[in-house]
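Written below as structure tokens is the structure these notes are about.
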Amino acid sequence: MIDIKDLIENPEHYKASQRARGASEAAVDQLIAAHETRSAAITRFESLRAEQKANGKKVAQAQGEEKQQLLQAVKQLSQDVKTAEAESAHAQDELRSLQASFPNLIHEGVPAGGEDDFATLRHEGSPRDFAAEGFEPKDHLELAEALGAVDMERGAKVSGARFYFLKGIGARLELAIMQMGLDQALEADFTPMMTPTLVRPDTMAGTGFDVEHDDEIYRLERDDMYLVGTSEVALAGYHADEILDLSAGPQRYAGWSTCYRREAGSHGKDTRGIIRVHQFNKLEMFVYCSASESKAEHERLLAWEEQMLAKLELPYRVIDTAAGDLGLSAARKFDCEAWVPTQGTYRELTSTSDTTTFQARRLNIRERTLNDDGSRGPTAPVATLNGTLATTRWIVAILENHQQADGSVRVPEALRPYLGGLELIQAPQ
């Protein structure tokens, strides 16, 4: 939820943000008008209520005809107060509804446009020249099936399309990637968390997901619960309605969870293999910090993601996501996309978003500030950020980039300790 006071004081900033997102500038004026309507309704309600109380005191002191007239006036005022109170509540609901659907203010420098309008910040590493090495690379599924790592056929038999079994070295490989990521998170003072994968509607909505219209979200209607697509949701709700002590610096969590996505808009896209699936595991960084620190913390999250990619010896690029592809909550998002040889393109492996105070305002998460003299100051909304350290999809990039001519796969050196020292993944005999 955006800061309505800041929007009223700086409407052009928000209109520019809306233009960059490809969203309606008129929404800014609608918010301002709704705020004015709410303020006027509250003022009228409070004025009538004060008049009602004043007349109530007069009634107690009046006599005869004067008292009867005052009683009649008080009766009418009582009705007027009820009407004004209802109008005030309605105006508040209207304002809250508009605020809930208004996206975060983007950071300066975020590229304008949609999904294809991102800015490439840099490339790291060089894709292998398989032609020079004398063989045609196999895609991740062909490699995985030959190595006994993935079983798509039985996944579909048991659960339907876009489900799978990781088995043997496939299961070990995912656990190894996740554990390596967790160890790195521990070195950076993250608190490890095993998070719920079912959350209440207020938690899902508080994180910024549109539970009414988002077709990607699985809903359990009987229980009015939602399956999460990332542990970000549970971790954002973890401190809802709390005042945090951030005097020692950011509070960082590393959430390990299974994630679920309907992939409703991906018919015909990535139907082969485990790039786009309904269920996967993910290790997610989540941070609470002071609003003034969020941009610097965002750079740290990106650096930790790149550290993981470097350990796995993967060529990748970093992109600055365009405003229209940020979603409701993010003010800026950096993606790291690894090279996938058989597709001849880069595919997202990690994403890190600075949601500033947007989620915290919706979930009522604040921090206690200090005045210049060291005394306790007022509370203020915190900033929240998230970023990926490892997911099931990383297996795709590892298999394809480190494959050998004979169909075996070289294990990146940093990952070997997590696989019992294994240096080469080979087909079972």
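What follows draws every value from the coordinates through simple rules; no lab data is involved. Just so it is clear, the model here is predicted, and its values are computed rather than measured. Here the Cβ positions follow ideal geometry from the backbone for every residue, glycine too, while neighbour counts run over all protein chains shown.
Given +1 on the Cβ of Lys and Arg, -1 on the Cβ of Asp and Glu, and no further charges, what dipole in debye does the chain carry about its Cα centre, rounded to the nearest 20?
I would put it at about 1080 debye.
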Amide H of I274 versus every other amide H placed in the peptide plane: which residues, excluding those fewer than 5 positions away on the same chain, fall under 5 Å?
none
Fewest-first ordering of T388, T321 by Cβ atoms within 10 Å yields T321, T388
Please state the relative contact order of segment 226-278 as a whole percent: Cα pairs under 8 Å, 6+ residues apart?
43
Sparse-neighbourhood loop hits (GluC sites (Glu not before Pro), segment 377-425; DSSP loop; Cβ within 10 Å at most 16 others) -> E423
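Provide the FRET efficiency to the nearest 0.05 for the A264-K167 pair, computing r from the beta carbons and using R0 = 30 Å.
It comes to 0.60.
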Between [x] 46, 21, 21; [y] 53, 22, 20; [z] 32, 29, 21, which entry matches semi-axes √(5λ) of the Cα gyration tensor in Å as derived from the coordinates of this structure?
[y]
Residues with amide H under 5 Å of L244's amide H, sequence separation 5 or more or different chain, H placed in the peptide plane at 1.01 Å from N; which?
R366, E367, R368
Residues E46, E108 arranged by fewest to most Cβ contacts within 10 Å:
E108, E46
Based on Cα positions only, what radius of gyration and what Dmax would you give for segment 233-299, in angstroms?
16.6, 50
Among the GluC sites (Glu not before Pro) in segment 140-228, which ones are in a DSSP loop with at most 15 other Cβ atoms within 10 Å of the Cβ? Mind listing them?
E212, E216, E221
Here, trypsin sites (Lys or Arg not before Pro) of segment 200-290 satisfying both criteria (DSSP loop; at most 14 other Cβ within 10 Å) are R222, K269, R272
Can you tell me the Rg and Dmax of segment 104-249, counting just the alpha carbons, in angstroms?
20.9, 61
Over 26 Å (Cα to Cα) among K5/K53; K15/K269; K5/K75; K282/K333; K157/K282; K5/K82 -> K5/K53; K15/K269; K5/K75; K5/K82
Subtracting the Cα-Cα distance of R416 and N10 from 0.36 nm times their residue separation yields 140.8 nm
Within 10 Å of each residue's Cβ, count the other Cβ atoms and sort S294, S231 from fewest upward.
S294, S231
Under the definition of Cα pairs under 8 Å and six or more residues apart, what whole-number percent is the relative contact order of the chain?
20
Going from the alpha-carbon gyration tensor of segment 288-374, what semi-axes, largest first and in whole Å, does one get by taking the root of 5 times each eigenvalue?
32, 16, 9
Tell me, what HN-Hα J-couplings in whole Hz come from the Karplus equation 6.51 cos²θ - 1.76 cosθ + 1.60 at θ = phi - 60° for each residue of segment 126-136, using x for Gly and Pro?
10, x, 5, 9, 5, 4, 5, 7, x, 8, 8
